[in-house]
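What follows is one structure encoded as structure tokens, with my remarks underneath.
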Amino acid sequence: MQPSAGFQSVGFAVPPFRLSGTVYGALLNHHSILTALGDAVNQAPYQSPPRGPILNLKPRNTLIGSGEAVNVPAGVMELEVAASLGIVLGRTACRVAVVEAFSFIAGYVIVGDISIPNDSHFRPGVRDKARDGFCPLGPVVTPREKIANPDALAIHTFIDGALVQSASTADLIRPVAG
């Protein structure tokens, strides 16, 4: 597969930013997901729900623009598709206190999370999540100041015009600043 037209040498265009690098996500960060998994989170090898963030990553090769076609790999019969709120950092951040977190945020963007279904909820295979084009972004980054409460946003996922998922950032286990 060739990189999509949205890729350029200095970054990926999502107005008003040029995004590049890796997108980090927190798995199992919604109360509804843990509820849907039921007792599976209490079975081997982990024996309990996660006590901290379970991070996954979407490297640069996964980024595509909102509305671009996702290429399904040969032999793959099913994909998992979800959307979440992306946090765009405006400056480097490391060990930031919760009370200072919002000052590092430049804006928010919708992030599509596409993956090949995987039985491991705690450690999904990178090859199942980091395929070319498996992370649609956009269509725009909304400046932080335009969102009064990022922990109270509805997010809907549509595939070919059909609603397939509704979620809310109010359902997050770890909120935006957390």
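The values are calculated or read from the model by the stated rules, or taken from the named source; none is laboratory data. Since the model is a prediction, treat every value here as computed from it, not as a measurement. Note that we place each Cβ from the backbone using ideal geometry, even for glycine, and neighbour counts take in every protein chain shown. In case anyone asks, the SASA skips ligands and DNA or RNA and just uses the protein heavy atoms, side chains included. Shrake-Rupley method; radii C 1.70, N 1.55, O 1.52, S 1.80 Å.
If you take the residues in the range 70-93 that are farther than 25 Å from residue 152 by Cα and touching a residue at least 60 places away in the same chain (Cβ under 8 Å), which one is least open to solvent (accessible area, probe 1.4 Å)? Step by step, filter the range 70-93, then rank; the result is 70.
Here residue 149 clears all of (1) modelled with pLDDT of 95 or more; (2) more than 23 Å from residue 35 (Cα to Cα); (3) touching a Ser or Thr at 6+ places or on another chain (Cβ under 7 Å) except the condition numbered (3). Of 173, 159, 155, all but one fail to be at pLDDT below 90 and aliphatic (A, V, I, L, M); the exception is 159. What about residue 133, is it on the phi > 0 side of the Ramachandran plot and either of a type in the set (Ser, Thr, Tyr) or open to solvent by 20 Å² or more (accessible area, probe 1.4 Å) (or both)? Judged against the criteria, residue 133 is not a match. Within the range 153-172, the set of residues being of a type in the set (A, V, I, L, M) and over 15 Å from the mean Cα position of the chain (by Cα) comprises 159, 162, 163, 164, 170.
Of the residues screened, residue 17 is one that is aromatic (Phe, Trp, Tyr), in contact (Cβ under 8 Å) with a residue 60 or more places away in the chain and open to solvent by less than 80 Å² (accessible area, probe 1.4 Å). Out of 88, 72, report the one residue that is over 13 Å from the mean Cα position of the chain (by Cα) and at pLDDT 90 or above. Just one listed residue meets the conditions, 72. Summed over the range 144-178, the residues that are without any contact (Cβ under 8 Å) to a residue 60 or more places away in the chain and not hydroxyl-bearing (Ser, Thr, Tyr) give a count of 16.
Please find, within the range 94-124, the residue that is most open to solvent (accessible area, probe 1.4 Å) out of those that are among the aromatic types (Phe, Trp, Tyr), touching a residue at least 40 places away in the same chain (Cβ under 8 Å) and over 18 Å from residue 136 (Cα atoms).
In the first step, residues of the range 94-124 are kept if they are among the aromatic types (Phe, Trp, Tyr); the result is 102, 104, 108, 122.
In the following step, the residues that additionally are touching a residue at least 40 places away in the same chain (Cβ under 8 Å) were identified as 102, 108, 122.
Remaining after also requiring over 18 Å from residue 136 (Cα atoms): 102, 122.
Details: 102: 77, 122: 31 Å².
That would be 102.
Within the range 144-169, track down each residue that is over 15 Å from residue 83 (Cβ atoms) and open to solvent by 50 Å² or more (accessible area, probe 1.4 Å). Listed by number, the residues that qualify are 144, 145, 146, 148, 149, 152.
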